[in-house]
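Input: a single structure, listed below in structure tokens.
The values are calculated or read from the model by the stated rules, or taken from the named source; none is laboratory data. Just so it is clear, the model here is predicted, and its values are computed rather than measured. Reconstructed Cβ throughout: ideal geometry from the backbone, glycine too, with neighbour counts over all protein chains shown.
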There are 2 protein chains.
Amino acid sequence: MTIKLYELAGRDPARPFSPHCWKVRMALAHKGLDFEAIPVGFTAIPRIEGGATTIVPLLRDGEKLVADSFDIAQYLEQVYPDRPSLFKGEGGLAMARLIERWSQQTIHPQIGASMLVDILNLLGGDDARYFRENRETRYGRKLEEVVAGRESRLGEFRKSLEPLRDMLNYQPFIGGASPLFSDYIVFGAFQFARIVTPFGFLEDDDVIAAWFDRCLQLHGGAGLTVGAAS
Amino acid sequence: MTIKLYELAGRDPARPFSPHCWKVRMALAHKGLDFEAIPVGFTAIPRIEGGATTIVPLLRDGEKLVADSFDIAQYLEQVYPDRPSLFKGEGGLAMARLIERWSQQTIHPQIGASMLVDILNLLGGDDARYFRENRETRYGRKLEEVVAGRESRLGEFRKSLEPLRDMLNYQPFIGGASPLFSDYIVFGAFQFARIVTPFGFLEDDDVIAAWFDRCLQLHGGAGLTVGAAS
């Protein structure tokens, strides 16, 4: 039975952009598992699978439903142990959680705030209204005001990536010689940016940009199936 | 043959304080390996083991000499595979590098700059002169000027620890249910602070302080063999 992946989509169902869904896409590709992608708008999430979830990605594998990208990766690792490992051991599984929290607390707030209007522009009707209202409540300001001055915040953002940049002096992937789920966690954030906006978060000659390019090439170019925003 | 650990010391050889040496002390305790600690002042490092190193920790295990805390941990893992693992797999070894770089780029610059005068006060004669000159060249200012206003930087410092704090909502150690070398990497930084200065970097009710206390209790209280600065 084919695995189904419910993932966030805007008006164009062929351009999934959610960072967390991309983590799962890469994890599935890493495991060599085929899947059927089912695009879902923000406001349709509560209706999928009979109200099974309030968040996507949601994975259906036979009788099993799993939500949350990290939980999905753990599920795939347990259920498909003979396929390439996503964590390479118990230590890798545990440490991936700190790397996830680092990505979430360091990269996401800055990328997310700078792309609010770009994201809005990808959404239609109800989803666009929901997104503006939800995010303006969260930030306490108009989306346009949150985004304003994003160029001036780039220096600080790039500096905040120094641990990742420095690590790349030692090894080509967070997972070492080859990528693991921890790479896909951080990849998801930059893939989100690549698909949503032409705004350049990284300098071209940044070693992080080279790492991101290596990730895009993985698994037959799984990350390249959706083009960059223009 | 007993393992020898050359480690940085100030005037009081019974109060080793170097964060990197503490990482190794904890790694040795984790592996259940006895060792002889050999305190070395800053200016004596180039003379130990016939000029074998410019940095400590330096470990001698029989004929083998290994410098650098991460290299020592990898060495111990390879040579003592039947003792408790420091990385729990290839993934844990790889991801520990990003966690090391995070600790080094996020925690160390802030802790280090705030304790320059406290460190100076632990050093005698030549070491104190070396330390002041070396660090004032590095920072381009008097040590006292670098330290000044450390209270005002506490808020930003504590905020920068959010990934670690957030991770502790999921598991008690960076290594998961029990500690790994990645915990000792971060522990080393806070143990450095605990031994060098009474200045409080963490609020008492911070979950990171609770994690640090758990680390202090490990391996028969190995981290408590040196008392807190008063």
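Odds and ends about this structure:
- Filter pass, A:G32 being under 15 Å from A:P179 (Cα atoms), surrounded by 15 or more Cβ atoms within 10 Å (Cβ to Cβ), touching a residue at least 24 places away in the same chain (Cβ under 8 Å) and small (G, A, S): no
- Any hit, the range A:138-159, residues being of a type in the set (S, T, Y), part of a loop (DSSP other than H, G, I, E, B) and modelled with pLDDT of 95 or more: no
- Taken over the range B:175-216, the criterion of being within 25 Å of B:F87 (Cβ to Cβ), over 16 Å from the mean Cα position of the chain (by Cα), hydrophobic (A, V, I, L, M, F, W, C) and not in a helix (DSSP H, G or I) is satisfied by B:A177 alone.
- Qualifying positions in the range A:164-185 - within 13 Å of A:A96 (Cβ to Cβ), crowded, with 23+ Cβ neighbours inside 10 Å and either at pLDDT below 95 or at the interface with chain B (Cβ under 9 Å from one of its Cβ atoms) (or both): A:I174, A:G175, A:L180, A:F181, A:S182
- Looking across the range B:70-83, the residues that are outside any loop (DSSP other than H, G, I, E, B) and within 14 Å of chain A (Cβ to nearest Cβ) come down to B:F70, B:D71, B:A73, B:Q74, B:E77.
- With a requirement of 3 or more residues that are away from chain B (no Cβ under 11 Å) and of a type outside the set (F, W, Y), the helices (runs of 4 or more DSSP H) lying completely within the range A:84-136 that satisfy it span A:108-114, A:116-122.
- Selection status of A:F190, within 21 Å of A:D68 (Cβ to Cβ) and at pLDDT 95 or above: yes
- Failed condition for A:E151, given (1) in contact (Cβ under 8 Å) with a residue 12 or more places away in the chain; (2) more than 10 Å from chain B (Cβ to nearest Cβ): (1)
- Tally of residues being surrounded by fewer than 14 Cβ atoms within 10 Å (Cβ to Cβ) and β-branched (V, I, T) across the range A:109-159: 1
- Residues of the range A:186-221 classified as β-branched (V, I, T) and either farther than 18 Å from A:T106 by Cβ or away from chain B (no Cβ under 14 Å) (or both), total: 3
- Among the residues making up the range A:61-86, those that are closer than 25 Å to B:P84 by Cβ and either over 20 Å from the mean Cα position of the chain (by Cα) or surrounded by fewer than 24 Cβ atoms within 10 Å (Cβ to Cβ) (or both) are A:Q74, A:E77, A:Q78, A:P81, A:S85.
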